[in-house]
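J.: Take a look at this one; I'll ask things after.
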Amino acid sequence: MTPPYRVGDELPPLEIPVTRTLIVAGAIASRDYQDVHHDAASAREKGSPDIFMNILTTNGLVGRYITDHFGPTAVLRKVAIRLGAPNYPGDVLRLTGRITELRTADASSADTSSADASSAEVVDAVEAVVQVTGGNGIGRHVTGTVAVTLPEPSAKRAGA
């Protein structure tokens, strides 16, 4: 049996220091060689106060946030994000999440938007949809949703 989750459950926040190395390494790893992600002078010439994180790095950090919570055998099925305020070196990205939907093995769904967390049913879910937000010192950096297949109970225990 999968651990019980409820629509409305909050995931614990994750704070990630935004370093120059993280920004540059993320751009290189995702083959994004745009100068605004590694060259501060070029970024300033283009109107930015410094280099800034690319969307693929943010996408990876959102995925990490979800798998850190649900375990290494959780499978990301869909990650849909939108960027807002840039992530600059020296800031901290704070990710938060809330379960908005749970799907059971028979593909039924426990909906979300109107559910009150205190009255929501406990569901032995096989898939969860999580609303994720991430902010930094200047505002909301990322918003989005992640659909994740939850780990089998034995896999969860083995990875714990």
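A short reminder: the numbers here are calculations on the coordinates, not readings from a lab. Nothing here was measured: the structure is a model prediction, and the numbers come from that model.
J.: Taking the C-alpha atoms of segment 2-78, how large are the radius of gyration and the largest Cα-Cα span, Dmax, in Å?
T.: For segment 2-78, the Cα-based Rg and Dmax read 16.1, 52 Å.
J.: Rounded, prolate or oblate: which fits segment 12-51 when a ≥ b ≥ c are the square roots of the eigenvalues of the alpha-carbon gyration tensor, with rounded for a/c under 1.5 and prolate only if a/b beats b/c? Kindly include the intermediate steps, with their values, before the conclusion.
T.: Details: a/c = 2.92, a/b = 1.56, b/c = 1.87.
Oblate, since a/c reaches 1.5 and b/c is not below a/b.
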